[in-house]
Amino acid sequence: MKYAKYILILLLTITCFGCGIYSFTGASIPPGTETFQVNRFENTSLLIEPGLERDFKLALEDYILNQTNLSLTPSKGDLIYEGEITDYRISPTTATSDNTAAQNRLTINVKLRFYNTKKEEDDLEQSFSFFYDYPAASQLIGTTKTTAHEEIFERITQDIFNATLAKW
């Protein structure tokens, strides 16, 4: 019985390290990958919201920094994210009985180009989109706009992370 403790430790060690490194975020980062960079996402939509491209870039950088142990670099990153904000649209989604909008929807569409310099077969070009509904009586200003942008960016950055690093 005096060896039971050592056998238990050995079994736990084999179990934990035998299957490789486990990531709680589900990220699948190729060996040797240490840095990432996020280039400017130019706003090419018909409706231009000032500062939107900066806010999106920062949201994507923050999400990747919080979900991985990769370092952010301004150039020569192992992983490179870039693209455009191709659509920023407000449209009515539901109508009232007197044919006026009861609810509006803000939709943002981002076209991503992802380059993995360590594993080129993971390169990706894909569009991501999400929306936020708000009452038609409200205008898209102040806290309504901030909340809308934050919720949309949270979803799009999560989808980008899953498509490029989590492979879900």
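Each value in this text was obtained by applying a stated rule to the coordinates, not by laboratory testing. Predicted, not measured: the structure shown is a model, and the values here were computed from it.
Observations on the model:
- Straight-line cross-link partners of residue 57 among the aspartates and glutamates, defined as a Cα under 13 Å from its Cα and at least 8 positions apart when in the same chain: 42, 82, 84, 150, 154.
- Fully extended contour minus Cα-Cα distance, from residue 103 to residue 28, at 0.36 nm per residue: 23.0 nm
- Pairwise Cα distances in segment 28-166 exceed 26 Å for 30 percent of all pairs.
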